[in-house]
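See below for the structure under consideration.
All of the numbers you see were taken from the coordinates with simple rules; none came from a lab. All values reported here derive from a predicted model rather than from experimental measurement. Cβ coordinates were reconstructed from backbone atoms using ideal geometry, including for glycine residues, and neighbour counts include every protein chain displayed.
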């Protein structure tokens with residue numbers, strides 16, 4: 001595995017949160033917080049990334065994460081190009097690395113990659129020149145590091161510290177890159193009580209999520225927690241294998257106002273979106289006073305600005 | 001219906017021209033005229049929208065209207081993102097409003113929406129935060145307000161005043177959002193003789209287009225008019241139901257130089273494009289001396305610059 | 001055929017390299033060289049094209065050439081819009097020229113066109129207003145002028161002069177726009193020994209490539225050459241008609257380290273990409289010490305910056 005951190009301690013790539021130091025993650029959160037602005041507030045001018053080029057390499061073009069990265073880069077003055085590519089497969093006979101070297105030769109400084117195939121992003125990072133940074137925008141079920149950071153930032157805005165928090169992640173843990181990146185973020189930040197809540201068929205393998213307590217019951221899983229993170233469940237899985245259909249899933253694992261009363265009164269509710277309202281979460285909760293779901297989106301831009309600035313201007317001073 | 005106008009009289013949203021005051025429309029036309037420049041003239045620098053973000057939400061990506069809005073926004077210094085979305089349907093289970101709130105949380109200041117489903121744009125406008133503006137780029141058969149404004153601007157450049165004009169709109173009135181927005185623009189601006197000309201099957205319901213005279217004959221419809229606006233006819237409708245096939249349609253409703261002689265000698269000919277040459281209009285007329293069709297496109301950018309500046313910088317001073 | 005050059009000698013359009021003077025091509029290469037920068041070097045600020053608008057009209061959106069033009073334009077401060085259009089066919093009944101006039105009325109200053117139909121780009125160039133420039137980004141099998149220039153620039157960076165060079169172009173010459181543009185570039189620059197190497201079925205018509213020697217054997221074709229340009233072969237053609245299958249093609253025409261020893265020891269190897277590794281070229285050669293394939297990509301941006309600046313700022317001083 002290639003190092004994500006430069007000798008001087010700055011971030012060079014962001015493929016996974018696993019292995020990043022608490023100090024580095026806290027610095028990134030601090031830096032991100034500096035980019036947070038209230039809805040409707042005018043944005044301060046910044047051209048810190050003028051002259052840099054960011055390429056968004058997405059397998060599908062219209063995702064919120066793509067737009068979030070695109071706006072983050074533009075708001076710092078970078079040039080952005082969007083490409084719809086599947087790095088994992090061979091497009092027109094061109095291998096993944098030829099595509100990467102081509103982008104590098106076009107003077108792309110940062111490649112933001114969303115890929116359905118695990119390992120592709122790290123393989124790209126291992127291949128690029130030293131001045132190029134690679135950022136994951138979501139990799140298979142494995143990791144979604146900027147989501148992990150924005151979730152940590154959101155928690156940090158509402159809770160003073162991590163070392164006394166109880167956090168529950170609820171839903172399809174097994175297939176979730178969000179759950180894995182959240183896990184790495186919260187563990188590294190010192191969260192002492194991290195719980196995963198899922199039906200047995202959606203629990204991850206035993207060797208994963210070390211140190212988390214596992215709950216098949218939403219009631220015990222949410223008991224007195226400070227933070228509830230609901231995951232999106234693929235409708236296609238509903239009713240398949242050992243899974244209940246959508247109605248029964250909601251009855252057992254859907255977050256309702258009533259069920260939320262089991263958590264602490266000041267608990268916050270999060271969701272990475274898009275939501276299946278009425279399946280994993282009721283609209284009463286999603287739009288209710290404890291929901292910070294829209295804050296997450298806003299924080300996502302701030303985190304991506306901070307990460308882009310860190311990896312690109314860090315390289316600058318090498 | 002949400003108000004499109006702020007308490008201070010500035011425009012906040014633009015969903016329809018219906019109900020806008022003559023004073024406001026005239027002010028928008030005046031402001032638009034300030035952005036008109038001759039072909040090939042260098043553009044004056046403007047950064048009036050620097051720091052603002054405009055999102056183009058189109059159901060298809062490659063339309064002239066999308067490009068027109070995109071260039072209008074960029075030429076005033078705004079950041080622009082293009083998204084291909086269908087707000088009316090549920091994409092990946094995500095409701096329309098979740099998409100809208102996500103964009104808002106990404107600090108999008110103006111959403112430009114083209115939608116095939118009537119009512120969607122107004123529903124979005126009713127939901128966004130007070131600093132966000134919603135602009136229709138064409139809504140089903142209902143309205144296309146910037147087209148109405150650019151058509152009015154085009155007429156204004158060639159005719160001194162509206163209150164002595166005869167204007168004929170010809171073609172598929174029933175299904176045309178352009179006809180409806182033109183109708184609202186010209187009525188509000190005081191046009192005393194507004195005619196709609198169509199085969200019976202393409203006439204709108206009796207309660208629509210109040211105050212217009214209705215003509216099934218192109219000859220009487222064009223008689224001594226100052227302005228002829230030809231509409232695009234969907235080829236798919238030709239020969240169906242009560243409609244003639246393309247050849248017969250052209251024979252009866254196609255605008256030829258000969259037919260145009262029935263209008264005033266200084267009449268101008270307009271078309272919102274794309275044209276079906278040889279069906280609703282002959283190339284002789286489309287490319288002839290009375291055609292101002294290319295002016296319409298040029299005016300479209302100016303109108304969109306004016307509207308974007310009005311809604312965004314108006315909000316700024318709230 | 002419309003003139004590509006203005007009365008003052010500056011380039012106005014770039015449809016083909018055929019007929020351009022040696023002086024003009026050398027000036028473009030000189031200008032391009034000024035935009036070349038090493039990988040990772042910070043880019044000098046330039047706003048020479050601020051206020052100009054470049055439209056990329058591509059039949060498919062995700063090509064390296066589109067990105068190369070887009071980045072070239074953005075790095076000089078131009079506004080860029082991407083449109084996916086097929087100018088050759090009638091889209092929604094709109095003729096090619098209506099699209100072109102619409103873009104012109106939107107104040108597009110340069111149209112970059114990739115088209116599968118021969119003649120379309122020249123037809124557009126013949127129709128636009130005098131302040132508008134048309135650039136080919138690849139036209140059927142006919143021409144790819146910026147590729148020809150970037151290939152010439154790449155050779156120029158490694159060899160002192162053209163008038164003592166032996167250059168071999170190898171592969172599907174018959175269907176290659178790259179081969180045709182390279183031919184025009186190298187002939188005009190004075191290359192005395194230009195060879196085309198192909199199986200008989202992929203040789204061009206006898207009246208084309210005048211002055212080139214023709215080789216069916218890779219061995220004689222590469223003998224003592226200074227430059228080897230390998231072309232992409234469409235896999236679909238393999239095994240069809242008079243063509244061998246992929247394995248046999250590679251055995252006969254694929255460039256391996258061993259075969260390359262027939263060329264001069266300091267020969268450089270080029271390929272326009274994307275490569276079919278193991279069909280027309282082995283990875284040992286593609287990634288080997290004599291390969292300058294990645295330089296070609298980097299030079300492509302520089303050439304497109306130079307050409308855009310030449311055609312747009314030349315127009316400025318008219």
How many percent of DSSP beta bridges within chain A run antiparallel, rounded to 5? 10
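Sort B:131, C:184 by Cβ crowding within 10 Å, fewest neighbours at the top.
Ranked by crowding around the Cβ, least crowded first: B:131, C:184.
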Residue-averaged 222 nm ellipticity for the protein assembly as shown, from DSSP H runs of 4+ at -39500 (n - 2.57), nearest 500: -10500 deg cm²/dmol
Under a GNM of chain B (C-alpha, springs under 10 Å), which listed residue has the highest mean-square fluctuation: B:143, B:166, B:95? B:95
Using only the C-alpha atoms of the range A:145-293, find the volume of their convex hull and express it per residue in Å³. 95
Using alpha carbons only, how many angstrom separate the centre of the range B:210-249 from the centre of the range A:191-243? 63
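Quick one: order B:261, B:256 by neighbouring beta-carbon count within 10 Å, fewest to most.
Lowest to highest Cβ neighbour count: B:261, B:256.
Given R₀ = 51 Å, FRET efficiency for residue B:163-residue C:84 by Cβ-Cβ distance, to 0.05?
Working from the Cβ atoms, E equals 0.70.
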Would you mind checking the tilt of helix A:64-75 against the longest principal axis of the Cα atoms of chain A, expressed as 0 to 90 degrees and rounded to 10? 40
Antiparallel DSSP beta bridges within the protein assembly as shown, as percent of all bridges there, nearest 5: 10
Tilt, helix C:145-158 to longest principal axis of chain C (alpha-carbon atoms), in degrees rounded to tens, equals 60
Take the Cβ-Cβ distance between residue A:8 and residue C:50 as r, set R0 to 30 Å, and report the resulting FRET efficiency rounded to the nearest 0.05. 0.25
Descending principal axes extents, chain A, alpha-carbon based, whole Å: 55, 44, 35
Which residue fluctuates most in the GNM of chain A (Cα springs below 10 Å): A:255, A:97, A:308? A:97
Within 10 Å of the Cβ of an average residue in A:101-114, the count of other chain Cβ atoms is 5
Computed over chain A: relative contact order in percent, which uses C-alpha pairs under 8 Å that are six or more apart: 21
Against the longest alpha carbon principal axis of chain B, how many degrees, from 0 to 90 and to the nearest 10, is the axis of helix B:96-105 turned? 50
With the contact rule set at Cα under 8 Å and sequence spacing of 6 or more, what percent relative contact order holds for the range B:159-293? 25
Rounded if a/c is under 1.5, else prolate if a/b is larger than b/c, else oblate: which is the protein assembly as shown, with a ≥ b ≥ c the root eigenvalues of its Cα gyration tensor? oblate
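Taking beta carbons within 10 Å but only from partner chains, what does the mean come to for residues B:274-281?
Per-residue shielding by partner chains comes out at 3.
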Mean separation of Cα pairs under 8 Å and 6+ residues apart, divided by the residue count of the range B:109-199: what relative contact order is that in percent? 27
For the pair residue B:97 and residue A:219, what calculated FRET efficiency results from E = 1/(1 + (r/R0)^6), where r is the Cβ-Cβ distance and R0 = 41 Å, to the nearest 0.05? 0.85
Mind checking B:291-304 for the average number of partner chain beta-carbons within 10 Å of each residue's beta-carbon? 2
Got a sec? How would C:175, A:107 order by Cβ neighbour count within 10 Å, fewest to most? C:175, A:107
